[in-house]
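The values are calculated or read from the model by the stated rules, or taken from the named source; none is laboratory data. Everything numeric here is computed off the predicted structure, so don't read it as measured data. When we count neighbours, we look across all protein chains shown, and the Cβ atoms used for this are built from the backbone with ideal geometry, even at glycine.
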Amino acid sequence: MSESTSNVVYLAIAILDFVIAGWKCLALLRDPTPTLSLITVNFVTSGLVFTMAAPVGYRRLGELTGVPGFATLPVYIGILTCFSLLHLLTMLWDPRLRQRPAVLRRRVTLWSAAYVAAPAVMIVAFCAADLSGPADPLKFNTDYATEPLIQVFLAVFLTTLACGTLSTYRQCRMVKLEDPRFQRALRSFGIAMLFVFGYVVCCAPAITLAALGNHTLDTVGVLGSTFGSIGALITSYGLSGAAVGAWLRERRDIKALQPLWDLVVEGVDEDLAFSVDSARSHRLAWNVGFNLHRRVIEILDGMRALRPWVSPLPAAAVYAAYEHEPSPGKADARRLPERDLSERDLEAAATAAALRDAAQRLQAARREAALRGRPGHPQAPGGPQVALPGEDTPASDERQRLLRVAQALTAPLVVTALRAVRVQRSGSGVSEATEEVSEATKVTDEVSEVSERP
């Protein structure tokens, strides 16, 4: 890469690393764990490495220290730091090693000692070397290859990097994790390690020939930095891809829950919302997890507020409509599209129908109260309250349950069931305020009639 291209690429990667580091730091404050700490430090170090490795940063650091090639030392030590952290991370993720704490502790100790000893030797060799004269940010390895102490410096660096990347690649290939997100991260690490090893493959022969006075492969040595940059990008994806995927899923779920929120919160009592901006919270790009949890809590509160208006008829109508089969002799009878619903989806449809019906009853009671000169004080129906389907769902499954309910709000099965309920009420003349649970059994005939209409 040319210097101008290197500046753009390296600084772009540095900005990306710092952004992800900030994101991981916020997650670390909420959930401090050893692995998340390693990941955060890795991104901070990587951002600093690419900032100093960019020719503009490289030259600026040389001006500040008075040694043109000084940036090579912190850059190479930073590279080893990043990949040592990734290597340790893969060992901590290995379930086989976690089952043998003594073996895990021994391996981590040995590799940590190697990753500390290598930079120590590199610092001594670099500081004792003669680095007089200008330094090319992209050709330091070959320009100073004839200096014996720099040869030691580069040999230790490339050897440690090669051993670390290949060991990490082997570890990634061997580890099998139950969580597919972590398994994909390990697969990304493995691919990244091969690219970084490509940097070693390019630099080693170029440095060897340059030490012998032949600079034919200097360009190949510069090409090695491209492999290192690609490896860094793949590593960043492996460490943050799962989190980004979860973030996108949370934003998608917030939008999917919006119709249900509009029905049971905005349409029932806006005071149930966390703030006046709740209706627009799905547009926020930050703290999506908090917004999603808040949205679920608000919806559950709204459903509880609707409880006095819930009737057993809509849920019964949904089950009746689902079980109803058109008569064989009626060619124009339509089959509902949801003929193969799972038990949970059918339960969600029943809940959606009950909530839509309850909201309609509440709005009708509010209009009646307004006509009587008592706006905002609707009279709730008497009798025992009816439980909504799925109210015994564990808290960990509420999000998925509400997503199914939100999706079912406009389903044909729900529309058909509500139509049947209206027919039942208008035909029987039963007052909504005195509706009894036993009347739910009268819905089946009306469902059959409604579902067979063209």
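When Ala120, Ala135, Ala155, Ala128 are screened for being within 25 Å of Leu61 (Cα to Cα), surrounded by 18 or more Cβ atoms within 10 Å (Cβ to Cβ) and in the same structural domain as Arg181 (by TED's automatic domain parsing), only Ala135 passes. Total residues in the range 396-431 satisfying the condition of being at pLDDT below 85, of a type in the set (A, V, I, L, M, F, W, C) and within 23 Å of the chain's Cα centre (by Cα): the figure is 0.
Results for (1) at pLDDT below 85; (2) assigned to a helix (DSSP H, G or I), shown as yes or no for each residue.
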{"residue": "Ala232", "(1), (2)": "no, yes"}
{"residue": "Thr235", "(1), (2)": "no, yes"}
{"residue": "Gly241", "(1), (2)": "yes, yes"}
{"residue": "Lys255", "(1), (2)": "no, yes"}
{"residue": "Val268", "(1), (2)": "yes, no"}
{"residue": "Asp271", "(1), (2)": "yes, yes"}
{"residue": "Ser275", "(1), (2)": "yes, no"}
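So for the range 157-170 (the condition being farther than 23 Å from Phe189 by Cα and either part of a loop (DSSP other than H, G, I, E, B) or free of Cβ contacts under 8 Å to residues at least 60 places away in the same chain (or both)), does at least one residue qualify? The answer is no; no qualifying residue exists.
Inside the range 22-38, residues that are crowded, with 20+ Cβ neighbours inside 10 Å and either aliphatic (A, V, I, L, M) or modelled with pLDDT under 85 (or both) make up a count of 0. Could you please let me know if Gly190 is within 30 Å of Leu89 (Cβ to Cβ), free of Cβ contacts under 8 Å to residues at least 24 places away in the same chain and either surrounded by fewer than 15 Cβ atoms within 10 Å (Cβ to Cβ) or of a type outside the set (Phe, Trp, Tyr) (or both)? So Gly190 passes the test. When Ala370 is tested against (1) closer than 19 Å to Ala317 by Cβ; (2) outside any loop (DSSP other than H, G, I, E, B); (3) modelled with pLDDT under 90, only condition (1) is not met. Restricting attention to the range 356-409, the residues that are surrounded by 15 or more Cβ atoms within 10 Å (Cβ to Cβ) and in contact (Cβ under 8 Å) with a residue 60 or more places away in the chain add up to 19.
When the range 132-156 is limited to residues that are in a loop (DSSP other than H, G, I, E, B) and among the aliphatic types (A, V, I, L, M), the one that is farthest from Thr208 (Cα to Cα) turns out to be Ala135. In this structure, does Ile15 turn out to be surrounded by fewer than 15 Cβ atoms within 10 Å (Cβ to Cβ), of a type in the set (A, V, I, L, M, F, W, C) and within 22 Å of the chain's Cα centre (by Cα)? So Ile15 fits the description; yes.
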